[in-house]
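The values are calculated or read from the model by the stated rules, or taken from the named source; none is laboratory data. The shown structure was predicted, so the numbers you read here are calculated from the model rather than taken from an experiment. Counting neighbours? That spans all protein chains shown, and the Cβs are built from the backbone with ideal geometry, glycine included. Ligands, DNA and RNA are excluded from the accessible area calculation, which covers all protein heavy atoms including side chains. Shrake-Rupley method; radii C 1.70, N 1.55, O 1.52, S 1.80 Å.
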Amino acid sequence: ATFVGIDVTPGDTTIMWGDQELQFDEEKGEYQVPVGTHTLIFSSDGFETLEEEFELEGGMDPIEVELLPISRVVKIEDLDDETMVMVDSKEVEVEDKSIVLDIGSHELIFRREFYEDIVHLVDINASGDLKAIELEWKRKQAPVSIVTAPASAEIRLNGEIPKEFAPGSRVYLANVGTVSLSVAMDGFKSQTRQLRIAESDNPQLKIELER
């Protein structure tokens, strides 16, 4: 019988011809299929299964078949262990600053404490180059050090009692932007002032109340 060669990528692909699995011809370095019309099924872990009919004639050049991946690895720049990564609203594992995404469109959310969420909409194709995703973080909260006299005076930021960054630290987290600070205590004149909190600032304030 006359045969036609088949080269397939990836190399560990299983090729089914009816209920028979084709065996790799080590001598010829390819799979061999008799001439004629045949339906072949190509399958490999991590790739789409391909079923295709071939009309094979004697003297044909080897047929090249490449399976398409069902997912691809995407690299993420500036990613640390404190960042939560969500793909289509589900948290995913990160390995070596990379995530695995199925072929198709996805919404990626990167979440980190004290920073605004970063949202990326990506289209993952089965072929072609994939650019690494770059993260540009923008703080939504910044630390503010506030010391009062008397020390037991009540502190409010935008009308709410803030939580200390660490117990006894007198350091509080304030939203980036304009913040209203008020300090009050029974028997003393209260003070109110507007603060402009920037991402890179760490204001250190000392407020002394007068009777």
Seen from all sides and averaged, what is the projected area of the convex hull of the Cα atoms in the stretch 72-184, in nm²?
8.9 nm²
Which semi-axes, in whole Å and largest first, does the equivalent ellipsoid of the stretch 123-171 have when worked out from the alpha carbon gyration tensor as the square roots of 5 times its eigenvalues?
46, 11, 8
What net charge is computed for the residues neighbouring ASP61, neighbours being all others with C-beta under 15 Å from the C-beta of ASP61, Lys and Arg scored +1, Asp and Glu -1?
-4
Could you report the stretch 123-211's accessible area per residue, 1.4 Å probe, as an integer in Å²?
65 Å²
Under 9 Å from the Cβ of VAL85, count the other residues' Cβ atoms, weight Lys and Arg +1, Asp and Glu -1, and hand me the total.
-1
Can you list which of the GluC sites (Glu not before Pro) found in the stretch 105-144 are DSSP loop residues with at most 10 other C-beta atoms within 10 Å?
GLU113, GLU136
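I need the semi-axes of the equivalent ellipsoid of the chain: take the C-alpha gyration tensor, multiply each eigenvalue by 5, square-root it, list largest first in whole angstrom. Don't skip to the end; give the middle numbers.
Numbers: eigenvalues 944, 31, 29 Å².
Semi-axes from the Cα gyration tensor: 69, 13, 12 Å.
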From Cα pairs below 8 angstrom and at least 6 apart in sequence, can you work out the relative contact order of the chain, rounded to a whole percent?
13 percent
Once the other residues with Cβ under 13 Å from the Cβ of GLU48 are scored (Lys, Arg +1; Asp, Glu -1), what is the net sum?
-4
Based on alpha-carbon atoms only, what is the radius of gyration of the stretch 145-211 relative to the globular estimate 2.2 N^0.38 Å?
1.06
Please sort by residue number the GluC sites (Glu not before Pro) in the stretch 159-211 whose DSSP state is loop and whose Cβ has at most 14 other Cβ atoms within 10 Å.
GLU199, GLU210
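For a Förster distance of 35 Å, can you work out the FRET efficiency between the beta-carbons of SER127 and GLU199, rounded to the nearest 0.05?
With a Förster radius of 35 Å, E is 0.30.
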Just to check I understand the Karplus step: with θ = phi - 60° and J = 6.51 cos²θ - 1.76 cosθ + 1.60, what whole-Hz values come out for the stretch 95-108, glycine and proline as x?
10, 6, 6, 9, 10, 9, 10, 5, 4, x, 9, 9, 9, 9
Cβ-placed point charges (K, R +1; D, E -1), dipole of the stretch 104-145 about Cα centre in debye, nearest 20
240 debye
Angstrom value of the Kirkwood radius, inverse mean 1/r, which spans all Cα pairs in the stretch 1-124:
17.6 Å
Rounded to whole angstroms and listed largest first, the alpha-carbon spread of the stretch 22-62 along its three principal axes comes to 33, 25, 15
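Counting other C-beta atoms within 10 Å, and keeping those with at most 15, which DSSP coil chymotrypsin sites (Phe, Trp or Tyr not before Pro) do you find in the stretch 161-211?
On the way: sites: PHE165, TYR172, PHE188; in loops: PHE165, PHE188.
When the chymotrypsin sites (Phe, Trp or Tyr not before Pro) of the stretch 161-211 are filtered for loop state and at most 15 Cβ neighbours within 10 Å, PHE165 remain.
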Based only on Cα atoms, what Rg/Rh ratio does the stretch 79-138 have, Rh being taken as Kirkwood's radius?
0.94
How much solvent-accessible surface does ASP123 expose, in Å² to the nearest 10, with a 1.4 Å probe and all protein chains in place?
110 Å²
In the chain, carbon and sulfur make up what percent of the accessible area (probe 1.4 Å)?
43 percent
